[in-house]
Amino acid sequence: MSNPKQIDHEGTILEIKDGKITVGIVNVSACAGCHAKGACTMSDMKEKSIDVIDYSNKYSVGEKVKLTYRESLGWFALMLAYVIPFVLVLLVLFIATAFTNDELISGLLSLAILPPYYIILSFFKGRLKKTFSFTIEKIVNI
């Protein structure tokens, strides 16, 4: 049974190399299971591969596994990728408009804050990669 605070995906192990397990999953949109998907261009199924770090050596290629991701981390990622940059842009826009009283300069300054933000964020890539990781477990057939 699935926990409502986590996101589960079933997949197949494609490759195992140096503690990194590559799992192939099929990402299905909500309408892909609809009975009218053949008549609709909205249905969407995409194959994706996800890397999971695991040094237990208890998995093998071709094995069915379940990937689990905590839902709260999705909200944290949303904050880092969209909300904080949006707030920064608005903040710089209002401050620059108050000081310069020129809309063009204010707009350019507010957009110029984004590259440094994402560059600083990229310095924490290793730490974020550990934070935003999937956990893997075998699927037990009953």
Within region 39-55, does at least one residue satisfy the condition of being modelled with pLDDT of 75 or more and among the aromatic types (Phe, Trp, Tyr)?
no
For region 54-66, pairs from a residue that is of a type in the set (Asp, Glu) to a residue that is open to solvent by less than 50 Å² (accessible area, probe 1.4 Å), with Cβ under 6 Å and 6 or more apart or across chains, are Asp54/Ile21; Asp54/Ile136; Glu63/Ile13
Members of region 84-142 found to be open to solvent by less than 80 Å² (accessible area, probe 1.4 Å), hydroxyl-bearing (Ser, Thr, Tyr) and in a helix (DSSP H, G or I), listed by number
Thr97, Thr100, Ser106, Ser110, Tyr117, Ser122, Thr131
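Answer yes or no: is there a residue in region 65-88 that is more than 19 Å from the chain's Cα centre (by Cα) and under 21 Å from Pro116 (Cβ atoms).
Yes: region 65-88 contains one or more residues that are more than 19 Å from the chain's Cα centre (by Cα) and under 21 Å from Pro116 (Cβ atoms).
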If Ile21 satisfies all but one of (1) modelled with pLDDT of 75 or more; (2) touching a strand residue (DSSP E or B) at 6+ places or on another chain (Cβ under 9 Å); (3) open to solvent by 50 Å² or more (accessible area, probe 1.4 Å), what's the number of the condition it fails?
(3)
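The values are calculated or read from the model by the stated rules, or taken from the named source; none is laboratory data. Source: prediction; values computed, not measured. Backbone-built Cβ (ideal geometry, glycine too); neighbour counts: all protein chains shown. Side chains included, ligands, DNA and RNA excluded: accessible areas come from the protein's heavy atoms. Shrake-Rupley method; radii C 1.70, N 1.55, O 1.52, S 1.80 Å.
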